[in-house]
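The values are calculated or read from the model by the stated rules, or taken from the named source; none is laboratory data. Remember, predicted model here, so these are calculated numbers, not experimental data. So basically every Cβ, Gly included, is an ideal-geometry build from the backbone, and we count neighbours across all protein chains shown.
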């Protein structure tokens, strides 16, 4: 990769990091290209050098966060020495961290047709499928080892991910429960489904 390409890539990552922060703080509709550019001390026009439009930028943000979540989960899943239960606990904690901390960007997947064009939607759905499959793998591994009872692993996975994603609708960092307490409760009740 040429030095100029590395600089463009680095700048793009800076823009994504800033955009993710703004979207998580203000929501999708509250994050404007003007505000994102201003936070980076750029003009709105300069921002369009890197991204076609707001939809493209949001797609890139979502792709960036979901790809990082997949990478983190794959690393956890590759631990062949730990029990399926221990691995699932770590996967739950990782998912909850992303669902809470990257709420708005991570949440774009819930209604992808609203945010992405057809080509982007196809890529997002493939990435989402890959993410879901990581949970399928650990559920099946746990069932094969006799740790989990899961007659229908894909249904169990949908229940687990659905429950975890719902945290975005009600969790308040200033509320009664701290984030680690919420993660502990989710882990406890999710494991009751499988054990």
Only listed residue being modelled with pLDDT of 95 or more, over 20 Å from residue 100 (Cα atoms) and more than 22 Å from the chain's Cα centre (by Cα), chosen from 83, 46: 83
Any chance residue 37 is closer than 25 Å to residue 124 by Cβ and in contact (Cβ under 8 Å) with a residue 40 or more places away in the chain: no
Given (1) farther than 14 Å from residue 85 by Cβ; (2) touching a residue at least 40 places away in the same chain (Cβ under 8 Å), number of the condition residue 190 does not satisfy: (1)
Output for the range 77-92, where each listed residue is crowded, with 18+ Cβ neighbours inside 10 Å and within 22 Å of residue 167 (Cα to Cα): 87, 88, 89, 90, 91, 92
Filter pass, residue 91 being touching a helix residue (DSSP H, G or I) at 6+ places or on another chain (Cβ under 9 Å), part of a loop (DSSP other than H, G, I, E, B) and either farther than 29 Å from residue 182 by Cα or touching a residue at least 24 places away in the same chain (Cβ under 8 Å) (or both): no
Test: residue in the range 116-132 that is in a loop (DSSP other than H, G, I, E, B), under 19 Å from the mean Cα position of the chain (by Cα), at negative phi and at pLDDT below 85: yes
Filter pass, residue 13 being at pLDDT 85 or above, in a helix (DSSP H, G or I) and surrounded by fewer than 16 Cβ atoms within 10 Å (Cβ to Cβ): no
